[in-house]
Every structure is written in structure tokens, then in C-alpha cells.
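Student: Please find one structure pasted underneath; my questions will follow.
What follows draws every value from the coordinates through simple rules; no lab data is involved. Since we're looking at a predicted model, the values are computed, not measured. Cβ: placed from backbone, ideal geometry, glycine included. Neighbour counts: every protein chain shown.
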Amino acid sequence: MRYSKEHAIKISSELFPDELCEKCGKCCIIHSYKTENGLEVIYCEHFDKETKLCKVYKDRFKYNCLTVIEGILARVFPKECPYVRNIKNYEEPHFYKYLREK
Ligand code: SF4
Ligand code: SF4
């Protein structure tokens with residue numbers, strides 16, 4: 001069976017409503033790593049660091065953004081995110097622990 005992004009968007013929005021998001025902006029971090037000068041945090045180019053919101057939210061899937069269901073499988077969310085905090089076997093990317101130590 002062929003994978004359909006449109007179908008993923010429909011199913012994901014039904015299972016994971018937008019209202020659950022606490023707008024922390026953490027899942028828009030592409031990567032984070034330690035350097036000699038501290039922690040380097042790389043955000044998605046569409047992320048507005050002032051508002052902590054996506055600048056292209058309504059059109060984000062045109063820019064290859066993941067649905068929540070895809071984001072869970074790709075492990076992009078921090079473990080405290082409402083979309084994953086009750087998923088026992090969810091594993092977050094390791095860089096979130098550096099952000100908490102900051
Ligand atoms: S990590 Fe979770 S709560 Fe934070 S912005 Fe992303 S979806 Fe929303
Ligand atoms: S497109 Fe928007 S929602 Fe998706 S990762 Fe980038 S800033 Fe975040």
C-alpha cells in the first residue's frame with residue numbers, strides 16, 4: 001500500500017488535536033550540541049524565536065514538516081510534550097537532556 005501524506009495529516013489531526021500543544025517550540029529544534037562556548041541550538045528555518053511559533057504553520061506540510069504521528073515515530077518530541085508524555089515506550093532524542101541541564 002502506498003504511503004499518503006494527506007492521509008497521515010487527516011489521521012494525525014484526529015488523534016492529536018492542535019489544542020494539546022503547549023507551544024514550547026522544542027520540537028522545532030533540528031539539532032543541539034555542546035561546543036566550547038556552550039550549547040548550540042539549531043532551529044528549523046521557519047521557527048520564530050521571539051514568538052516561539054511557526055511562521056508557516058498553516059502551510060507547514062508544504063515545507064516537509066512532520067505530522068504529530070510522524071513526529072512520534074521519528075522521535076522529535078521531548079518526553080514532556082503532551083503528545084508523548086503518556087507513551088511508555090517513547091524515547092526522545094538525546095539532545096533534550098542538554099537543554100534541561102542549561
Ligand atoms: S514539543 Fe510538544 S508542546 Fe512543545 S511545541 Fe512541540 S508539540 Fe507543542
Ligand atoms: S515548519 Fe514550522 S512547525 Fe514545522 S518544524 Fe519548522 S517551525 Fe516547526
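Student: Counting Lys and Arg as +1 and Asp and Glu as -1, each charge on the Cβ, what is the dipole of the chain about the Cα centre in debye, to the nearest 20? Can you show the working numbers first?
Tutor: Numbers: 19 positive and 16 negative charges, 25 e Å.
Dipole about the Cα centre, nearest 20: 120 debye.
Student: Tell me the angle of helix 5-15 to the major Cα principal axis of the chain, expressed in degrees between 0 and 90 and rounded to the nearest ten.
Tutor: Compared with the principal axis, the helix lies near 80 degrees.
Student: Can you give the local net charge around Glu45? Use residues other than it whose beta-carbon is closer than 13 angstrom to its beta-carbon, Lys and Arg +1, Asp and Glu -1.
Tutor: Details: positive: Lys49, Lys55, Arg60; negative: Asp48.
Result for the local shell: +2.
Student: Restricting to DSSP loop positions (anything but H, G, I, E, B) with no more than 14 other Cβ atoms inside 10 Å of their own Cβ, which GluC sites (Glu not before Pro) remain in the range 1-53? Present the calculation step by step, with values, prior to reporting the outcome.
Tutor: Values: sites: Glu6, Glu14, Glu19, Glu22, Glu36, Glu40, Glu45, Glu50; in loops: Glu22, Glu36, Glu45, Glu50.
For GluC sites (Glu not before Pro) across the range 1-53 that sit outside H, G, I, E and B with at most 14 neighbouring Cβ atoms in 10 Å, the list reads Glu22, Glu36, Glu45, Glu50.
Student: Taking the Cβ of Gly25 as the center, what net charge do the other residues with Cβ under 14 Å away carry, scoring Lys and Arg +1 and Asp and Glu -1? Provide the component values of the computation, followed by the final result.
Tutor: Working: positive: Lys23, Lys26, Lys49, Lys52, Lys55, Arg60; negative: Glu22, Glu45, Asp48, Glu50, Glu80.
Result for the local shell: +1.
Student: Okay, next question. In the range 23-63, what is the count of Lys pairs whose alpha carbons are under 16 Å apart, counting only pairs at least 8 residues apart or on separate chains? Please report the intermediate quantities before stating the final value.
Tutor: Values: Lys23/Lys49; Lys23/Lys52; Lys23/Lys55; Lys23/Lys58; Lys26/Lys49; Lys26/Lys52; Lys26/Lys55.
The number of close lysine pairs in the range 23-63 is 7.
Student: From largest to smallest, what semi-axes in whole angstrom does the range 31-81 give when each is the square root of 5 times an eigenvalue of its alpha carbon gyration tensor?
Tutor: Working: eigenvalues 97, 51, 20 Å².
The equivalent ellipsoid of the range 31-81 has semi-axes of 22, 16, 10 Å.
Student: Let me ask something else about it. Counting Lys +1, Arg +1, Asp -1, Glu -1, what net charge surrounds Lys97 among other residues with beta carbon under 14 Å of its beta carbon? Working shown, then result.
Tutor: Working: positive: Lys26, Lys34, Arg75, Lys79, Arg100, Lys102; negative: Glu80, Glu91, Glu92, Glu101.
Residues near Lys97 contribute +2 overall.
Student: Same structure, new question: What relative contact order, as a whole-number percentage, does the chain give when Cα pairs under 8 Å and 6 or more residues apart are counted? If you can, show how the numbers build up before the last one.
Tutor: Values: 91 pairs, mean separation 29.4, N = 102.
This gives 29 percent for the chain.
Student: Send over the Kirkwood Rh of the chain, from the inverse of the averaged 1/r over different Cα pairs, rounded to one decimal Å.
Tutor: Working: mean 1/r = 0.0678 Å⁻¹.
The answer is 14.8 Å.
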